[in-house]
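The block underneath contains the structure these notes are about, expressed in structure tokens.
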Ligand SMILES: Nc1nc2c(c(=O)[nH]1)N[C@H]1C(S)=C(S)[C@@H](COP(=O)(O)OP(=O)(O)OC[C@H]3O[C@@H](n4cnc5c(=O)[nH]c(N)nc54)[C@H](O)[C@@H]3O)O[C@H]1N2
Ligand SMILES: Nc1nc2c(c(=O)[nH]1)N[C@H]1C(S)=C(S)[C@@H](COP(=O)(O)OP(=O)(O)OC[C@H]3O[C@@H](n4cnc5c(=O)[nH]c(N)nc54)[C@H](O)[C@@H]3O)O[C@H]1N2
Ligand SMILES: [Mo]
């Protein structure tokens with residue numbers, strides 16, 4: 001792991017945050033201190049380079065900088081107030097073990113919950129380690145879904161039966177056209193996406209970006225931008241489908257052979273054929289053909305532009321419609337995701353080189369290692385977004401709330417383990433509501449947090465433990481999404497203060513509750529990494545020995561077969577059915593049609609007006625749609641306390657010039673954005689890079705309330721809602737209505 005030069009030692013390592021990529025980092029260390037970081041230069045690597053971006057190059061300044069938690073803390077004030085007292089590690093471990101058992105015995109194992117948190121996105125994830133111990137000692141309430149892809153993943157599974165719908169990114173270079181739909185990899189990375197998109201541009205492949213903002217990707221690639229009203233993507237998809245069918249440009253052969261429910265002739269037996277998608281498009285039941293003009297009124301995109309886009313996409317042959325996750329983190333996010341998949345099927349771009357099946361587009365060519373968690377003896381699971389509901393009224397929650405594993409939950413959540421995560425407050429919706437729920441110590445009785453900093457979530461801990469960053473501990477990393485490598489996260493410097501890697505104190509908790517040997521199997525964290533790696537080498541024989549991986553910090557696989565998703569299914573659907581109940585791509589879902597969702601969730605990918613969308617009567621009071629996005633200068637909330645990063649993308653509210661003029665707002669002034677859930681004070685940026693009627697701010701800024709609970713940090717989750725999406729029960733964090741005024745009008 002180390003190369004020597006004068007008295008500088010170079011340690012090769014990789015990042016482990018959930019930031020859309022992994023970077024190769026060379027840490028230059030002298031006398032146990034990091035002097036600087038460097039990274040690999042692009043060019044010459046097989047596949048996409050892993051050159052660090054601005055976040056990676058700031059790891060040492062963020063993680064070893066100001067404000068680190070120094071020692072274990074115990075709450076002394078009201079919960080959430082942020083008053084703590086220093087305690088020793090022994091007392092902390094004692095208290096954790098005591099509550100762990102007390103709560104299990106009093107309320108049952110299903111009252112214990114490990115909160116979503118992705119600060120440690122390595123093989124040794126603090127959450128998986130905690131789940132291992134909980135599983136060994138009776139179980140815990142599990143969750144499914146993520147904050148990232150709840151809607152798109154459920155939608156993709158509904159239509160294709162799997163989320164493995166991604167092909168090799170090099171296939172983009174075979175496309176006749178690329179549509180980036182709610183996708184902004186110039187900021188969100190998605191591993192090597194920009195590497196291939198830049199090559200596609202050089203080849204002259206037309207690239208179109210569909211987004212309420214002219215995002216950084218559109219700017220970087222000088223791509224055509226189609227500005228859409230948020231949460232209306234499936235209306236655009238419907239109208240594009242309408243045009244494609246009207247012009248006879250659909251791939252009828254693929255639809256007939258591989259899809260269910262497009263037209264009357266291909267509907268499941270026993271279902272009224274006019275429930276099919278084509279009947280809906282033509283307005284057979286509602287009398288409304290889904291024409292470009294119909295969609296113009298909903299999406300704000302001119303009918304002519306919709307027509308042109310539809311024809312170009314259908315004629316490009318093959319074309320890649322690539323969905324980010326931005327259009328699905330919405331109130332009817334399932335439908336925007338299904339709309340993209342529908343278009344890929346309609347144009348026959350599934351299972352062909354240079355096409356793209358759309359949907360989640362997961363791709364795994366190599367086996368991914370993970371830290372072993374034994375089967376959870378308590379089998380019930382909630383949708384991850386509903387954990388606040390499970391604190392409030394878990395004992396009432398059933399399948400109607402998305403509970404899996406049978407029946408009602410046995411208990412409310414009484415203990416939360418929140419390690420390396422900020423979804424306890426900052427990253428979950430409706431911060432004011434969440435805070436009210438957590439402040440009540442008679443509801444959730446014990447909250448355990450570990451972090452590096454006093455985040456808004458950490459303030460809600462009863463016991464708060466100081467962790468160690470990626471520069472002070474070891475881990476192994478896998479690609480974020482598409483990548484052909486395995487990374488090693490080497491320790492570079494000694495732990496700061498009394499910080500400890502979560503594994504080491506979890507072993508002590510395990511010992512206290514009599515499970516030391518079962519939990520650790522006698523291994524240190526390092527030994528676990530080695531054992532997991534050796535197991536991986538059995539199925540990935542080209543991997544080098546452990547020492548070689550560690551020294552290099554990265555291993556790039558040589559053997560990377562090119563993948564085209566669903567190639568076999570397309571060629572021979574009889575022998576290789578799609579993994580859905582019908583064996584076909586389910587444009588019409590009988591599961592939905594006959595299921596308990598049918599009342600409020602359609603069986604086909606059609607547009608539905610979402611709550612807090614542009615047609616909600618609430619627009620009279622809150623006339624602006626508010627969206628968020630993932631900024632290049634943070635990984636969620638990480639780096640926000642690194643002031644050096646602020647100038648890279650100052651936190652501000654994007655607003656269209658006409659909306660600003662109507663409100664007498666000037667560029668750069670501080671405004672108040674509010675709705676019934678909360679208030680944020682934030683400087684405004686007036687720009688025609690965002691469509692009219694829409695405002696937006698990057699998600700992840702630290703919540704900093706003043707004494708009236710007005711947030712001064714620009715934290716969007718003060719304004720977002722906890723209303724789950726209809727089918728996935730996902731997070732609708734980009735669908736919000738707000739009003740914005742100059743602070744001056746309030747005398748502020
Ligand atoms: N720099 C950085 N990169 C990251 C992360 C980070 O925090 N920072 N986080 C990583 C993680 S965990 C994830 S899950 C991914 C998230 O990846 P995404 O969810 O794809 O990222 P977002 O920025 O939320 O959304 C992408 C784009 O969708 C647009 N958008 C919003 N609403 C709509 C809509 O209604 N319709 C359309 N068409 N577009 C819309 C946004 O303006 C944005 O430009 O990013 C990963 N990469
Ligand atoms: N409004 C809105 N909200 C969103 C989103 C959105 O688009 N809009 N995106 C959602 C998405 S996609 C996601 S994935 C979630 C992300 O939600 P989180 O995973 O909660 O996001 P982070 O802010 O990255 O939180 C990581 C925490 O871990 C800490 N940490 C970092 N490294 C270490 C370490 O080595 N050890 C320890 N102990 N702690 C560490 C950091 O200080 C930070 O507090 O947010 C979701 N929230
Ligand atoms: Mo995410």
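The packing ranking, built from the mean of other Cβ atoms within 10 Å per residue, places the peptides 479-491, 356-368 in the order 479-491, 356-368, highest first. Any chance you could give the angle, 0 to 90 degrees and rounded to 10, that helix 89-107 forms with the longest Cα principal axis of the chain? In the chain, helix 89-107 runs at an angle near 50 degrees to the longest axis. Taking 7 Å steps out from each Cα toward its Cβ at residue 596 and residue 707 produces label points 4.8 nm apart. For the Cα atoms of the chain, what angle does the longest principal axis make with the long axis of helix 303-316, in degrees from 0 to 90, nearest 10? Approximately 80 degrees, to the nearest 10. Using only alpha carbon pairs under 8 Å that are at least six residues apart, calculate the relative contact order of the chain and give it in whole percent. Worked out over the chain, it gives 20 percent. Once C-alpha pairs closer than 8 Å and six or more residues apart are averaged by separation and normalised to the residue number of segment 545-625, the relative contact order reads 12 percent. Take 421-431, 132-142, 69-79, 257-267 and order them by the average number of nearby Cβ atoms within 10 Å per residue, most first; the result is 421-431, 132-142, 257-267, 69-79.
Between residue 552 and residue 7, the contour length at 0.36 nm per residue exceeds the Cα-Cα span by 194.2 nm. The value obtained for segment 12-51, namely the Cα convex hull volume divided by the number of residues, is 80 Å³ per residue. Relative protection proxy for 515-526, 187-198, 706-717, from highest mean packing down: 187-198, 706-717, 515-526 (other beta-carbon atoms within 10 angstrom). Computed from Cα atoms, the angle from the helix 126-136 axis to the main principal axis of the chain rounds to 80 degrees. In the chain, helices alone account for a calculated mean residue ellipticity at 222 nm of -7500 deg cm²/dmol, with every DSSP H run of four or more residues adding -39,500 (n - 2.57).
Rounded to whole Å and ordered largest first, report the semi-axes of the equivalent ellipsoid of the chain derived from its Cα gyration tensor (root of 5λ).
40, 30, 28
Here segment 407-462 and segment 257-335 have alpha carbon centers that stand 40 Å from each other. Normalised by the number of residues in segment 627-746, the mean separation of alpha-carbon contacts (under 8 Å, six or more apart) gives a relative contact order of 30 percent. Both radii were evaluated on the Cα set of segment 134-268; the Rg over Rh quotient, with Rh as the Kirkwood radius, amounts to 1.04.
Beta-bridge orientation, segment 607-748: approximately 60 percent antiparallel, per DSSP, counting only bridges with both partners inside. The stretch between residue 305 and residue 379, if pulled fully straight at 0.36 nm per residue, gains 21.7 nm over its current Cα-Cα span.
Scattering from segment 84-207 was approximated by placing one identical point on each alpha carbon and applying the Debye formula without solvent; log10 I(q)/I(0) at 0.17, 0.18, 0.22 1/Å stands at -1.03, -1.10, -1.35.
Here the calculated FRET efficiency for residue 666 and residue 532, from their Cβ-Cβ distance with R0 = 56 Å, stands at 0.50, rounded to the nearest 0.05.
Values in this text are rule-based calculations from the coordinates and carry no lab data. These numbers were taken from a predicted model, which means no experiment stands behind them. Cβ coordinates were reconstructed from backbone atoms using ideal geometry, including for glycine residues, and neighbour counts include every protein chain displayed.
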